[in-house]
Every structure is written in C-alpha cells, then in structure tokens.
Amino acid sequence: MTVMWPDYQRIIALFATSGSAWRCKDVCVELKLGTEARHVEGMRSKLKRLVERGILAETAPGLFRVDGRELGW
C-alpha cells in the first residue's frame, strides 16, 4: 500500500466525489488554493503525476478526470 501526501488525498477525493472532468485552475479554486500561475502549474504537475500512476486520465489537453484503473474503480 502506498501512502499519499494530504495534497494528493484531497485531489483524489475531489475527483472521486464529483465524477466530472476538471481543469487545473478549477481544481485550485475548488481546493481553495491560489489561481496564480505558480499554483496552477504546481497543480498541473500533481495531476500529471496522478495520470502516470493510473489514478487520473487526461482526456484532452489540460482536462483531467478519474481513471482509477489502478484503484479498481
């Protein structure tokens, strides 16, 4: 079992409960983070990492949604 940082847990919870596709800036707004470029790019990096792990999928450039293959969703 892999333990994830709280930031990643919050991101996964957002995607798991919404079932929607999200853009980086919208995730930042929903998680009450800043919307400056540094926040959005930091979020993009986190979301891309979750794509690499099979938890999220990038369905279009910059648009992410739950993939969950690795989690059995």
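Key figures for this structure:
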| quantity | calculated |
| --- | --- |
| Criterion violated by L63 - all others in (1) in contact with a strand residue (DSSP E or B) (Cβ under 7 Å, 6 or more places away or on another chain); (2) modelled with pLDDT of 95 or more; (3) surrounded by 16 or more Cβ atoms within 10 Å (Cβ to Cβ) satisfied | (3) |
| First in segment 54-65 and closer than 15 Å to D26 by Cα and in contact (Cβ under 8 Å) with a residue 40 or more places away in the chain, second anywhere and open to solvent by 60 Å² or more (accessible area, probe 1.4 Å) and not aliphatic (A, V, I, L, M), Cβ under 8 Å, 6 or more apart | L63/R23; F64/R23; F64/E58; R65/T59 |
| Candidate set from segment 49-60 (those that are in a strand (DSSP E or B) and either open to solvent by 70 Å² or more (accessible area, probe 1.4 Å) or small (G, A, S) (or both)); member that is farthest from Y8 (Cα to Cα) | A60 |
| Candidate set: segment 17-46, residues that are open to solvent by 60 Å² or more (accessible area, probe 1.4 Å) and of a type in the set (A, V, I, L, M, F, W, C); chosen: the one farthest from the chain's Cα centre (by Cα) | A37 |
| So R10, is it of a type outside the set (G, A, S) and modelled with pLDDT under 90 | no |
| Residues of segment 1-48 satisfying the condition of being charged (D, E, K, R) and not in a helix (DSSP H, G or I) | R23, K32, E36 |
| Close pairs (6 angstrom Cβ cut-off, 6 or more residues apart or separate chains): aliphatic (A, V, I, L, M) in segment 34-52, open to solvent by 50 Å² or more (accessible area, probe 1.4 Å) and not in a helix (DSSP H, G or I) anywhere | V51/E58 |
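The values are calculated or read from the model by the stated rules, or taken from the named source; none is laboratory data. Values in this document were obtained by computation on a predicted structure and should not be read as measured data. Don't worry about glycine lacking a Cβ; one is built from the backbone with ideal geometry, like all the others, and counts go over all protein chains shown. With ligands, DNA and RNA removed, areas are computed over all heavy atoms of the protein, side chains included. Shrake-Rupley method; radii C 1.70, N 1.55, O 1.52, S 1.80 Å.
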